[in-house]
Amino acid sequence: MVAVDRCADDPRVPYPLATRADLESLAAGHPDAVLDFVADVQDVDALREAVALAEQRFGGLDAAVAAAGVIAGGKPLWEAPATEWEALFGVCVTGVANLARAAIPALLRQEEPRSGRFVAVASSAAHRGLLHLAGYNAAKHAVVGLVKGLAHDLAGTGICVTAVSPGSTRTAMLEASAQLYDLPSADEFATHQLTGLLDPDEVAAAVSWLCSPDSSALTGTVLHADGGFTA
């Protein structure tokens, strides 16, 4: 697996992003299986380099997961700076489209019968409006639209395209969301989900299953790994 991150903060969002040390730590935990690669999903040429590395080191590409995302908001849309919208769509939407542009040709290079997978991480915000997060709502709705369109483009190829829509998950991004609402802790979001807050491993398990051959009945659709938020 090639794990990709920009490893730098984004001045358009109000919280720190992952660092080079974070990415290196991930790869170090799985030295024979994970390669770390620094790239911004807004740079399609850098993503093509990451895909080429995967093909070179692992003999091809079986699945691609578009997981990069940022959160921004806290005000009505008309009061929010334009940079927030630019960050949300640049990372959450253009980032997904760029990975599709880079990865799908590699998935199509696999010998038939193919079982390639393209998975995008959307959000429960793609299915339900959230206060003072109109830009985030719009971006995540766009991710679902991309998935539906790509699935039709790949009909008959053996490649399935899906999205996972997580609910509130214990991550730094959720802590940033709590700050947008002036909440003392992200634990405040637990009451909105039937199962309470999710662990990142629970969402990762859903993504992993969608990347497997067992998910062949699903394409152009969304797996709601949201703890019952949209129930």
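The values are calculated or read from the model by the stated rules, or taken from the named source; none is laboratory data. Remember, predicted model here, so these are calculated numbers, not experimental data. All Cβ positions, even for glycine, are placed from backbone atoms using ideal geometry, and neighbour counts span all protein chains on display.
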- Query: In the range 96-146, what count of residues is obtained for those that are closer than 20 Å to residue 220 by Cβ, over 17 Å from the mean Cα position of the chain (by Cα) and part of a helix (DSSP H, G or I)?
  - Reply: 3
- Note on the structure: Pairs returned, first residue in the range 196-216 that is acidic (Asp, Glu), second residue that is not in a strand (DSSP E or B), beta-carbon separation under 8 angstrom, 6 or more apart or interchain, are 199/170; 202/225
- Mind checking which pairs have a first residue in the range 99-121 that is farther than 15 Å from residue 50 by Cβ and a second that is assigned to a strand (DSSP E or B) and at pLDDT 95 or above, Cβ under 6 Å, 6 or more apart or different chains? 117/63; 117/160; 119/65; 119/162; 120/66; 120/163; 121/164
- Item | Sole residue being of a type in the set (D, E, K, R) and closer than 29 Å to residue 168 by Cα, chosen from 114, 109, 57, 20 | 20
- Would you confirm whether any residue within the range 65-77 is farther than 26 Å from residue 149 by Cα, in contact with a helix residue (DSSP H, G or I) (Cβ under 9 Å, 6 or more places away or on another chain), of a type in the set (Gly, Ala, Ser) and loosely packed, with under 15 Cβ neighbours inside 10 Å? no
- Message: Please go through the range 86-95 and give me each residue that is free of Cβ contacts under 8 Å to residues at least 60 places away in the same chain and within 15 Å of residue 180 (Cβ to Cβ), ordered by number.
- Response: 88
- Item | the range 174-205: number of residues that are surrounded by fewer than 18 Cβ atoms within 10 Å (Cβ to Cβ), in a helix (DSSP H, G or I) and of a type in the set (Gly, Ala, Ser) | 4
- Only one of 61, 17, 23 that is modelled with pLDDT of 95 or more, in a helix (DSSP H, G or I) and either touching a strand residue (DSSP E or B) at 6+ places or on another chain (Cβ under 9 Å) or crowded, with 18+ Cβ neighbours inside 10 Å (or both): 23
- Filter the range 147-173 for residues that are of a type in the set (Gly, Ala, Ser) and either part of a loop (DSSP other than H, G, I, E, B) or crowded, with 21+ Cβ neighbours inside 10 Å (or both) and give the result. 155, 156, 158, 163, 165, 167, 168
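Table: residues versus (1) over 24 Å from residue 166 (Cα atoms); (2) touching a residue at least 60 places away in the same chain (Cβ under 8 Å); (3) not hydrophobic (A, V, I, L, M, F, W, C).
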{"residue": "7", "(1), (2), (3)": "no, no, no"}
{"residue": "10", "(1), (2), (3)": "no, yes, yes"}
{"residue": "19", "(1), (2), (3)": "no, no, yes"}
{"residue": "32", "(1), (2), (3)": "yes, no, yes"}
{"residue": "37", "(1), (2), (3)": "yes, no, no"}
{"residue": "43", "(1), (2), (3)": "yes, no, yes"}
{"residue": "63", "(1), (2), (3)": "no, yes, no"}
{"residue": "77", "(1), (2), (3)": "no, no, no"}
